[in-house]
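The structure appears right after this line, and notes come after that.
The values are calculated or read from the model by the stated rules, or taken from the named source; none is laboratory data. All values derive from a computational prediction rather than experimental measurement. All Cβ positions, even for glycine, are placed from backbone atoms using ideal geometry, and neighbour counts span all protein chains on display.
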Amino acid sequence: MTVPALQNIGVAYRRILSQFPQDFSVAFAYGSGVFKQQGTSQGQMGKNMLDFVFAVDDAVTWHTMNLLQNRKHYSLLKLLGPRKISSIQSDHGAGVYYNTLVPVDGRVIKYGVISTESLMEDLLHWKTLYIAGRLHKPVKMLAQSDNAKLRAALVGNLKSAVTASFLMLPESFSEEDLFLQIAGLSYAGDVRMLIGEDKSKVTNIVQDNMQHFRILYTNILQDCPQVVYKPQQGKLEVDKSPEGQFVQLMALPRTLQQRITKLVDPPGKNRDVEEILLQVAQDPDCGAVVQQGERRGERGGGWSGGWTDRQAG
């Protein structure tokens with residue numbers, strides 16, 4: 001993953017970022033205020049709320065400093081102090097605490113704070129797929145510490161998205177098919193997508209940002225031994241043999257593997273995960289089983305003093 005130098009991210013983002021305590025392990029901006037979506041004009045983008053996530057090593061210290069700098073950003077929970085805010089952050093939903101509808105430099109922003117530990121857990125294991133799912137899609141990376149384990153986890157999360165999508169796609173498919181599948185992963189367990197949320201949301205995210213998706217995933221696809229990637233034609237062919245699917249299943253994040261095994265393993269048998277995944281790999285409906293396991297995921301949200309953000313866009 002290429003992380004741009006801070007001086008190259010644009011004055012507007014640097015000005016906003018400068019108004020917060022600076023000890024981020026990761027800081028990024030995302031959503032419709034940052035990346036154009038189909039049907040949205042540049043003028044509308046400029047009016048959309050800017051969304052940020054800040055990952056920090058020590059949440060208590062960060063909230064202490066931010067309460068001194070930006071006390072007005074917080075709800076009445078600020079009266080409870082930084083330790084209580086950090087406790088609420090870690091104990092609810094996906095481990096993210098949001099301040100929202102914050103005016104900064106003529107824009108309205110929302111920012112979530114997550115501990116580096118919680119971020120790593122989600123990236124590696126898809127514990128909630130909340131921040132990990134956001135990072136499957138293009139984001140504007142604003143800052144990143146020199147942490148080799150975190151960098152590897154960020155890349156590993158993208159590889160997991162590719163692997164899970166391979167299992168749910170046919171043998172041959174297009175780049176757009178792949179990116180639509182990847183972008184939809186974080187919505188799979190979201191009931192709102194079934195009861196009225198704009199079902200074209202995933203399509204809108206992908207179609208105007210194909211080049212951003214290519215930047216994220218081209219190196220991973222070129223290095224993957226289980227896929228034939230033809231970037232000039234925008235076509236891919238993946239190994240759908242039982243052996244190939246078993247390798248892919250074994251590479252899935254732990255939480256998704258556990259959900260799949262619960263679907264397949266009868267109560268009381270308690271077979272090991274490898275044995276169950278070998279059975280799934282040989283099932284003609286392997287992709288459907290993986291998809292069902294993915295949809296069973298519990299989608300945590302971000303806590304914001306009485307307001308919960310569950311938007312995965």
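Evaluate the following for Ser115: is it within 17 Å of the chain's Cα centre (by Cα), more than 18 Å from Tyr30 (Cβ to Cβ) and crowded, with 18+ Cβ neighbours inside 10 Å? It is true that Ser115 is within 17 Å of the chain's Cα centre (by Cα), more than 18 Å from Tyr30 (Cβ to Cβ) and crowded, with 18+ Cβ neighbours inside 10 Å. Evaluating Pro225 against the criteria (1) surrounded by fewer than 17 Cβ atoms within 10 Å (Cβ to Cβ); (2) in a helix (DSSP H, G or I) leaves one unmet condition, (2). Filter the range 15-41 down to the residues that are at pLDDT below 90 and either over 22 Å from Val96 (Cβ atoms) or hydrophobic (A, V, I, L, M, F, W, C) (or both), then identify the one that is farthest from the chain's Cα centre (by Cα). Ranking the candidates gives Ser41 first. Considered as a group, the residues in the range 90-120 that are under 21 Å from Gln19 (Cα atoms) and not in a strand (DSSP E or B) include one that is modelled with the highest pLDDT, and that residue is Thr116. Restricting the range 292-313 to residues that are surrounded by fewer than 19 Cβ atoms within 10 Å (Cβ to Cβ) and part of a helix (DSSP H, G or I) leaves a set whose member that is modelled with the highest pLDDT is Gln292.
Take Arg71 and tell me if it is at pLDDT 95 or above, of a type in the set (Lys, Arg) and loosely packed, with under 14 Cβ neighbours inside 10 Å.
On the way: at pLDDT 95 or above: yes; of a type in the set (Lys, Arg): yes; loosely packed, with under 14 Cβ neighbours inside 10 Å: yes.
Yes: the conditions hold for Arg71.
Take the residues in the range 42-60 that are closer than 22 Å to Met210 by Cα and in contact with a Ser or Thr (Cβ under 8 Å, 6 or more places away or on another chain), then tell me which one is modelled with the highest pLDDT. Filtering first and then ranking leaves Asn48.
Which count do you get for residues in the range 259-286 that are farther than 21 Å from Ala132 by Cα and assigned to a helix (DSSP H, G or I)?
Residues of the range 259-286 farther than 21 Å from Ala132 by Cα: 261-286.
Okay, now just the ones that are also assigned to a helix (DSSP H, G or I), so 261-264, 273-281, 286.
Residues meeting the conditions: 14.
Summed over the range 228-250, residues that are assigned to a loop (DSSP other than H, G, I, E, B) and farther than 10 Å from Phe166 by Cβ total 5.
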